[in-house]
1. Quick check for the chain: number of Lys pairs with alpha-carbon distance under 25 Å, counting only pairs 8 or more apart or on different chains?
2. Using helices alone, what [θ] at 222 nm do you get for the chain, with -39,500 (n - 2.57) per DSSP H run of 4 or more residues, divided over all residues and rounded to the nearest 500?
3. To the nearest 0.05, how large is the calculated FRET efficiency for residue 97 and residue 55 if R₀ is 41 Å and r is the Cβ-Cβ distance?
4. Would you rank 138, 168, 81 by solvent-accessible area, highest first, keeping every protein chain in place and using a 1.4 Å probe?
5. Give me the accessible area per residue for segment 1-145, probe 1.4 Å, as a whole number in Å².
6. Could you work out what % of the accessible surface of the chain is carbon and sulfur, using a 1.4 angstrom probe and leaving DNA, RNA and ligands out of the count?
7. With Kirkwood radius over Cα pairs in Å as the read-out, I listed (i) 28.8; (ii) 18.9; (iii) 23.7; which label goes with the value calculated from this structure?
8. Karplus couplings for segment 44-51 from phi (6.51 cos²θ - 1.76 cosθ + 1.60, θ = phi - 60°), rounded to Hz, Gly and Pro as x?
Amino acid sequence: MDFVEQQDRVEGVVTRAAEAVLGEWIASRKVDEILIRGQADLPLYLVQHAQERIEDYHLGIRIHHANVSHLLPPMQVKADFDEVTRAQTAIHTVENEAQQRRIEILRDVNQKSFQIQKEAEAYHTERLRLAQAEAERFTKRLQTYRRLRKDNPKYLTAIWWEEMGKLFARLKETGRIDLLDNHLGADGLDITTFPPMPKRK
């Protein structure tokens, strides 16, 4: 009903509302922003604010879409503006690449930190397990010693020789201990060693 009653003045009211909104938008922005962002930002701004301006007129219409077909700098400064646009594009490209690199570095750092943390936790768990196992073995051996020393006072000496036997076996495996039979001579035991003679060239 509103549109039927107001249809003769719809076009004029909408045109004036759009011109007013357009003037406000341009006045509140710099030239670079207008020329660079205008075609992307201005249509949505026009639809929203022009609709608000015509509400009181009860025109019976709703604005759904606005199109900015011509938004170009004057021919006298077009070359300079194009140069600025290319420079700004290059700056944005460098900024985006730097941001992407920052994200990659942070992701790598987080992954390495997570890996180190897991390795530290695994090492702690393993060392704790070994320490607990060693403590349990010692406790059992101590209990056995206390039980058996009543019947065998020399049981501790037997344990000592057992441990020394294990130590000698490890020393022999690493070449740090050997029999002295080959050092016996007519004059007794001779353990004098001489450095090897240098090879002739």
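1. 5
2. -25500 deg cm²/dmol
3. 0.35
4. Highest to lowest solvent-accessible surface, that is 138, 168, 81.
5. Counting only protein heavy atoms, the per-residue value for segment 1-145 is 80 Å².
6. 56
7. (i)
8. For segment 44-51, the Karplus-derived couplings read 5, 5, 4, 4, 5, 7, 5, 4 Hz, x marking Gly and Pro.
The values are calculated or read from the model by the stated rules, or taken from the named source; none is laboratory data. Predicted model only: the values in this text are computed from it and were never measured. For neighbour counting, all protein chains shown are included, and Cβ atoms are generated from backbone atoms with ideal geometry for every residue, glycine included. Only protein heavy atoms, including side chains, enter the accessible area calculation; ligands, DNA and RNA are left aside. Shrake-Rupley method; radii C 1.70, N 1.55, O 1.52, S 1.80 Å.
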